Every structure is written in structure tokens, then in C-alpha cells.
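Shown next, in C-alpha cells, is the structure this report addresses.
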Amino acid sequence: MTSVKEINEKDPVKDEYSVDERAEHEVAETHLNPNHDNASILSKEEFEDEAIYDFDDSNNYSTTFVDDHNPMGLRKPTKQEASSLRRVLGRADWACYLICVAEFAERASYYSCQTLLSNFVTNPLPEGSGTGKLVPGSVNVNPGALGLGVPAATAITYTLTFVAYLVPLYAGYVADSQIGKFRAIWIGVICGFVAHILLVIAAVPAVIAGGNAIVPTAFGIITLAFGTGFIKPNLLPLLMDQYPEESDVVKLLPSGEKVIVDRQKSLERMVLVFYWSVNLGALFPIPSVYIEQRIGFWFAFFIPIIIYLIIPVVFWFVRPRLKKEELQSSVMVNTNKILNVLFRGNWIKRIRNNTFWDYAAPTNMHARGEEYYSAKKKKPITWTDQWVLDVKQIVNISKVFLYFVIFNLCDAGGTGATPALTAQSGSLTSDGTPNDIYSSFNPITIIFLIPILDYGIYPLLRRWKIDFRPVLRITFGFLLAALSQVAAAVIQKEIYNQIECGDHATECVEKGIVAPFSAWVLVMPYILSAASECFANTSGYELGYIRAPPHLKGFVQALFLLANAIAAAIGDAISPALKDPNLVWYFAALAIVGGVFTVIFYIHFRNLHKIMGQESKLRAIMMREENDKEVLEVNNLALITSVPSAAVKQL
């Protein structure tokens, strides 16, 4: 067997595997289909065996970390090391984690405004109030301003979410191919600042009294959504790009112990820290709702502006420490060309016989005699086989993201059930507690649960060698989200049973009559949903980054966020059902659909980790072929330039 050459670590798209000549020859039979019968050829026996590993090859080392114990840098592990050495977590430069501070500030301001808008739009001005605050003596009355009702507030909430998660498709593409993630984030920051100013104007007492508040409110919502749309798909990829290693590496500790610095688990921690900061920011609605209750909406909308100003300060400080981005303007051009080729001719037949993706691979196109993308116009083929694999992986990860539409509808802390639960709290005895304070138990739970997972449960599972894979974590998260809707349905049923108006509870609420039990019972669906997010959302972000091609990280994150937009559109469509006596069945239907899709998801993706492993090895083969071509071209160029020099010497 010939010696193995590992892939050059300096290239960010190279995988952690390399292959020998026999494996490379045989794997050509598998094309781009990871389920091919010859997939056994790609077993780990062909990769990284100590007997053929070149420990002196500098291409097997990463020089991002060098010390006395690791003078050549950190080395890629052999197969034996990967299965036997203890695994530890790596880390990025501490300054890069200030990106999480920026995310905290953005989410704190966003969630504060989103929460305030619910009462601001739903309820009328309390009697005797000009700012929306409660006047002394008010009992079981909520702050308000516009008085448009629950359906209008729900529609506005869903519109904000839909636009905020649809814009990232454009923002992610522009960031990846034209302006970079950092500049795209700055565009979002500017839009967000303008939005906060507009919402403060809308809440000025004179504007509310004049009946003109709806105009700045509408523009503020749209501008806030655009700001979020440019920030959201780019901030987490920007953070994860700062992780220094492109694969697992072996590190020699001062104690003499060799350990594996696990890239996937290190990225998992980065996602958890990022998501923790998101939910720390989500706690800021707690003081905001008390401010709206005691001072008024104008001041409650003003506080988020102060928090928002943290963002430009953070980015000014962290900018010199960030990795330089490499943009590829041909990203979408090549993607569109590949899709055009894929759907030529009898593409349905190719799907059935598992050759759909092979058809667009340039090697297969040349084998069919196709030398041009467009024979008539003589347009060249501008992509490689690896590009086809990239597009294939994007399509496959998008299938995972589609299931998050149902998850987001079931998530009490996200897109779906939040407006209904906020309205539900108005039917319960609050004893002066603002009705939108209960939703804060979603981020509170996450803030406490993530450190437990990161420093307790996950290390314990690693020690016991239990592989709690992303698909398993997502499945468990989906199940918890469905259970949160079961809890909400039970609570709503009890409201109908105990309130005087029965299943027309809203009529009693309008008269100041509520169900005779505490609204604090609502923390149960919020706690269950929070736990579901810790497993499902964090794993979704992680999968999106790991599976995305290096030049499409932002766009793939945008596809993940698109599930929120679709869920918001569905929620908006069914919002007319959010009224008595339908609320029990509304929650029950979400629970049933969520449970069914949890089972379907697990059946569909239970072997995803195997497919990902096979795809990574295919990528290694393609990268080796590209490297060989580059080396050959350089050698040929050197030979050509040396001939004239030799001739001149002879003269």
C-alpha cells in the first residue's frame, strides 16, 4: 500500500482524512452517493493507520499552536489515536468571545422591544393614563396603547419574526460572496439603531394621543426586522470561524500525556456559550415590562437603545483580532449552474437510481462528452466535483432544517405558541404580576441549564464514551417542545373549567374576571420549551456550521433561520384560531403534530453521522486530486520558465 499524504491543514476546506492510491481508485465507483454498495471501501481502515502515517510530513501539522512540547505544532491523529486518546476541548482567542457580548446586547434590545410590542399593540390605554402605564388602583389590568387586540398583536409579532428570519437569506449570501460577515453585521447594527429610535417616537404620549403611533410602530418593526436579518446569520459563523483548527489534533501536555483536541466538541461549546448569551439578553424584558407598567412605554423603549450601543464598542475593539475573510463572488453563479445541469433531461429517473448528483460532476460531464456548460454559447464548466458535493450537502442539511418549522411552532419561547400563552396568562390570577413576565422563565431556564449541560452532563457522557450525537439531541429537543404544548393544553382546559364564562374566558377577562388559580403555573410550558431549545436549537446551529461549505457558512445559517420565517407565516395564517373556545385544541394540535414529527425526524436522520463521515472522505479524495493538479501545474510552470534561463546561460 502506498504512503498516505494528509490534506494540507492551511486550506480551510480540507478535511481531516487522506487516502491511499487504492482507496482513491476504488472510491471513484461511489461517485457522490454515500449510500452506494461500495461504501465499505471508505471504512476507516483505509485512513490514518499508524503503519502508513508520515509523522515527519509538515502537512500533517497545524502551526496555530507551538510550544516546547509541540515544536512542530499540533498533529492530526492517527486512527488508533483517535479511538484511544482522551479528548479535550480547544478554544479560540478570548477576545473573540466578545462577539457573544455583542449578541447579548442585540438580543436584549430585540427581545425587550418584541415583548413590549405585545401589550403596546394589544391593549388600549388604561383609564387615566397617557403613557400606557397603570394608574394606582388598577387590578388585573395590563398596560397598553393602541388597543388593536390579540389577533392584530399576534399578526404583528409573526410579521416581525417572518421578516427578521427571511432577510437573512439575502444577508447571508451578500456576506459570503460580496461584503463579508463583518460589514453585513454593521449594516444590521445601523438598521437596528434606527428601529429603536422609531419605536421611542411611537411611544411618546403626544403621538399616542394623536392617533399617529401606528405609523412609526410599523416602520420600526420592519426596520428592526431588517437589522436582525443582517446580524443573525453572520454573527455565530463569525465567532466559530475564529476557532483555530480545521480538524481534530493531537496535543502533548506538559505532563507527557497525549490528548485529542476535539474540534466538533469545541464548536459545540462555542455554540452553547453563544446561545447562553442570547438568552441572557432575553432576560431584559423583565425590567422592561415593569418599566412599561410603572413609567410608560416611551421609557421602556428607550432603555434598549442604551444597551444596543454596546455593539459598536465591542466590534471596534474586536475587529483587529478577527481572521481575515476570503470571499468568493462566484458562489451563487456556480450553484445556479449546477442546479441547472442537475435538472436537465430525465432527472426523476436519476433520483430513482441514485445518480442524480453524479450527473453534474464535471468528471462525469466530460465522460459523457460534455466539454461546456452551454454547448451553444461555448460557456465553460466553472465548477469542480467538490462544488457539486457542497451543493448536495446544503440540500441535505436543508432537509434537517425543514423539521424545525414544526419545532418552532411548538416552542413556547419562540415563534409559535408565545402569543397564545401571553394571552392565556391574562385569564389567570396575576396578583399584579405583568402578564408577559412568565415568558422570561424560558431564558432563565436556559441560563441555568446550559452550564449544567456544558460542565456536567456532556463531559460525563464523553467520559462514559456515550456519543450523544446532534441528531439524538435534536430528537430529544423536539420531544420536549411537544410536551410543552401538552402542558399548555392542560392549563387552558383548567381555565375553561374554573372560570365563570367557561370556554368563552375572554368575555370574563374583559369584565375583570379571571380563573381562580395563579398564572405562575404557566412557567411549566416555558421551562419545557427552554430545555428543548438547549438540545434542538444549539445542535441545529452546530450542524449548519459543520456541514456548510466554507464559502457558504452565512447562507446555510440563513437557511436554518428560514425555518423560523416559515413557522411565523404558518402561525400568522392560523392566528384567527387563537380565540375561545378553540385554544385547547390549538395547543393539543401542536402537541400531536410535534410528537409525530419527532418520530419521523429520528427515523429519517438516525444514520446522518454515517453519511457525514462518508461525505467527508469523498471531500478528502477530491481535495487530494485538486492538490495534485496544483502541484503539477506549479512544476510545469517552473519547468517552462527554467528552459529559457538555461538557454540564455548557454548563450
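The values are calculated or read from the model by the stated rules, or taken from the named source; none is laboratory data. Remember, it's a predicted structure, so these values are computed and weren't measured experimentally. A quick note on method: Cβ atoms are made from the backbone with ideal geometry, for glycine too, and the neighbour counts reach across all protein chains shown. These area figures cover heavy atoms from the full protein model, side chains too; ligands, DNA and RNA do not enter into them. Shrake-Rupley method; radii C 1.70, N 1.55, O 1.52, S 1.80 Å.
General remarks:
- Rounded, prolate or oblate (a/c below 1.5 giving rounded, otherwise prolate when a/b exceeds b/c) for region 145-219 by Cα gyration tensor: oblate
- Vicinal HN-Hα couplings computed from phi for region 491-504 (Karplus, 6.51 cos²θ - 1.76 cosθ + 1.60; Hz; Gly/Pro x): 4, 5, 4, 5, 4, 4, 6, 9, 7, 5, 8, x, 7, 10
- With 22 Å as the limit, the listed pairs K76/K258; K181/K323; K265/K465; K79/K258; K324/K399 have K324/K399 beyond it between alpha carbons.
- Calculated on the alpha-carbon coordinates, the convex hull of region 114-185 measures out at 105 cubic angstrom per residue.
- Region 94-229: equivalent-ellipsoid semi-axes (sqrt of 5 x gyration tensor eigenvalues, Cα, Å): 33, 15, 13
- Residue-normalised accessible area of region 219-275, given per residue in Å² at a 1.4 Å probe: 26 Å²
- At an R0 of 60 angstrom, the distance between the Cβ atoms of L461 and S374 translates into a FRET efficiency of 0.70.
- For region 284-343, the equivalent ellipsoid built from the Cα gyration tensor has semi-axes of 45, 21, 8 Å, listed from largest to smallest.
- Here the Karplus curve 6.51 cos²θ - 1.76 cosθ + 1.60, taken at θ = phi - 60°, turns the phi angles of region 226-239 into couplings of 5, x, 4, x, 8, 7, 4, x, 10, 6, 5, x, 4, 5 Hz, with x standing for Gly and Pro.
- Gain upon complete extension [F448, K323; 0.36 nm per residue less C-alpha separation]: 41.8 nm
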